[in-house]
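Here is the structure we will look at.
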Amino acid sequence: MPKEKKWIIAAAPSLKKVDDLSKSININPILSKILVSRGITNYEDAKKYFRPSIGDCHDPFLMKDMDVATQRLVKAIDKQEPILVFGDYDVDGSTSVAMMFSFLKNYCENLYYYIPDRYLEGYGISTKGIDYAHEKNCKLIIALDCGIKAMDQVSYANSKAIDFIICDHHNPGEALPEAIAILDPKRQDCKYPYKELSGCGVGFKLIQAYCIQKGIPEHLAFELLDLVAISIAADIVEVTGENRILAYYGLEKINFNPRPGIKALLAASGLKEKITISNLVFQLGPRINAAGRIDHAHLAVQLLTSIHEDQALIIAVDISKKNNTRKDFDQSITSEALSYIEESSELLTAKSTVLFNKNWHKGVIGIVASRCIEQHYRPTIIMTESNGKATGSARSVDGFDLYAAIELCQEHLDQFGGHKHAAGLTLSINKIPDFSAAFEKAVQSSITDDQLIPKINIDSYINIDQITEKFYSILSQMDPYGPGNMQPVFATRELELLGEPVILKEKHLKLQVKNKDGRQKITAIGFGMAAYKSLILDSNGFELAYTIQENHFNGTKSLQLYLKDIRIH
């Protein structure tokens, strides 16, 4: 029996606001209702939403320490000091390094970049990276997507007369490193209006500030937004406010004028349709990530900074092969982890999952944690051995503050970092039992029964007949989607099945439906939902929850329902 999900139907907003908005922008009341629910209540709001303007981005100098960071960067470039660009090994870090390096190489002759080895150095700023900067006589390191808790490492750099500019977006600790400048909207003393930038987004604001300071045309900075868009998508940050503007223009560049590395990656991925945030999350992001998971993330930077298409395609094909290897690790380790859970009565009744296996591949444990949550919906930490320590990736369920729970267990940890939804941690192997018990206790003390039930947020009930080309045309303009602006999910009841549902590849469900009192029929696809076939056939009726997407097949386009859930009566 498929796991039951709780449907959360969006509260109906003010009918007057919905009616007023429908009239002012001439759209369907169902779509107006969704917009009003998202805070868009008048013509000006709608204009900014449907037509994002780069001019609505915030002044980068509103960010704490931006003036100091810009002055230090100007000094380094004017004096031709060697500069090291340092970034984390995930997609956000790799795109950040590629972006900063691509920009600075136009102004700096002695420019280097460094990404730590996931397995030998681990997350964040490493002393090995600082030693590399010292060898190259660098007097400035620009750290991207990491550094906010690198107290000891920054002190070590200071002892070698190396300055740090930190561009991070993670939660700071109680104290900040002694860097010359720390750019992080989540600093408590930072009044920057938008707090949800990606690490790459924070780095972009530094580039934007440098352009303003030096009188460089800002369109040269905006050429880098393709990389920012990928970071926004892959790091699952909110696609609201400034992020939505940056993602919108980044997607435009990817679709109409992609850099050689992205063009090669699209070719290797077999993607030909218009690229959306979803494509970046599920196709491009994992491939970029695979470089650092299976080999070394410098491959991703090489790809994203390539200027020759032939060279870029060779790297893209190599990275795609590594992604296939990553998938194999992912599937086998997920299967093993789920077996551990299902064979343990203690794990089955717990409110959290903490698993350790020294042989699991460090590069996929975060993915495995997410896969486990799909089957056993609760906060999950998957750990393996690295450099004699246990290293883990943690993932949360909707509404539960994972970071706060881990913070309660910090006495058992060597280090940890992250945010509400995802985190990483390191500890001694012999402390795993104590940490597991402490984490379970922390989760039990604060998680609610409701948070342990997977949910689907439904924007509106509609009839199949209401799904027209015009309806979809306006709906598609609500993209780019993401947290804070999710793709609208609809539900339909009183459905009639046309013919028998079909099973595709032994696990996917395909069916044709129409409203019982309607004429229009439509195809629905449910990935991994084959188990529902017999339930539908034996039911007294069913409801569908779905998103609406355009399907391209043999040169023809048609609208389809992509199922999120099926409710059986």
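Values in this text are rule-based calculations from the coordinates and carry no lab data. This structure is a prediction, so every number in the text was calculated from the model and none was measured. Every residue, glycine among them, receives a Cβ derived from its backbone with ideal geometry; neighbour counts consider all protein chains shown.
Once fully extended, how much extra length lies between Glu496 and Glu385, figured as 0.36 nm per residue of separation less the alpha-carbon to alpha-carbon distance?
Values: separation 111, 0.36 × 111 = 39.96 nm, distance 5.30 nm.
Contour length minus the Cα-Cα distance gives 34.7 nm.
Seen from every direction in turn and averaged, the convex hull around the alpha carbons of the range 187-325 projects onto 9.1 nm².
Quick one: check the C-alpha center-to-center distance for the range 538-555 versus the range 431-501, whole angstrom. Answer, in whole Å: 15. Annotation note: GluC sites (Glu not before Pro) in the range 336-423 located in DSSP loop regions with a Cβ neighbour count of at most 14 within 10 Å are Glu343. The length gained on full extension between Ser446 and Asp189, counted as 0.36 nm times the residue separation minus their Cα-Cα distance, comes to 89.7 nm. The tail of the calculated P(r) for the chain beyond 39 Å holds 30 percent of all Cα-Cα pairs. Shape index of the range 429-569: Rg/Rh, with Rg the Cα radius of gyration and Rh the Kirkwood radius from the inverse mean 1/r over Cα pairs, equals 1.11. Label sites at Ser344 and Thr468, each approximated as a point 7 angstrom past Cα along Cα to Cβ, lie 5.6 nm apart. With one equal scatterer per alpha carbon and no solvent term, the Debye-computed log10 I(q)/I(0) for the range 222-301 at 0.19 1/Å reads -0.78.
Could you tell me which of rounded, prolate or oblate describes the range 56-227, using a ≥ b ≥ c as the square roots of the eigenvalues of the alpha-carbon gyration tensor, with rounded for a/c under 1.5 and, failing that, prolate when a/b is larger than b/c and oblate otherwise? Rounded, because the longest to shortest axis ratio a/c is under 1.5. Ignoring lysines fewer than eight residues from Lys362 along the same chain, the ones with Cα atoms less than 25 angstrom from its Cα are Lys128, Lys149, Lys321, Lys322, Lys327, Lys351, Lys389, Lys420, Lys431. Sparse packing (at most 12 other Cβ atoms within 10 Å of the Cβ) combined with a DSSP loop state is found for the following GluC sites (Glu not before Pro) in the range 469-507: Glu506.
How far, in degrees from 0 to 90, does helix 199-214 lean away from the longest principal axis of the Cα atoms of the chain, to the nearest 10? Rounded to the nearest ten degrees, it is 60.
Between Lys128 and Phe256, the modelled labels are 4.3 nm apart [label points 7 Å from Cα along Cα→Cβ]. Gain on full extension, evaluated as 0.36 nm per residue between Leu271 and Lys521 minus their Cα-Cα distance, stands at 87.2 nm.
Sum up the lysine pairs in the range 172-276 that clear both bars: alpha-carbon distance under 13 Å and a spacing of 8 or more or different chains. Going through the range 172-276 pair by pair, I get 6. Using the Cα coordinates of the range 344-452, the gyration tensor eigenvalues translate into equivalent-ellipsoid semi-axes of 20, 15, 13 Å, sorted from longest to shortest.
Each of Gln311 and Ser53 was given a label point 7 Å from its Cα along the Cα-to-Cβ line. The distance between the two points is 4.0 nm.
At an R0 of 25 angstrom, the distance between the Cβ atoms of Ser14 and Ile236 translates into a FRET efficiency of 0.20.
Each 5 Å bin from zero holds the following percent of Cα-Cα pairs in the range 1-156: 1, 8, 12, 12, 12, 8, 6, 8, 9, 9, 8, 5, 1, 0. Annotation: the residues His552, His361, sorted from fewest to most other C-beta atoms within 10 Å of their own C-beta, follow the order His552, His361.
Backbone N atoms of the range 41-55 closer than 20 Å to the 7 Å Cα→Cβ label point of Ser278 belong to residues 50.
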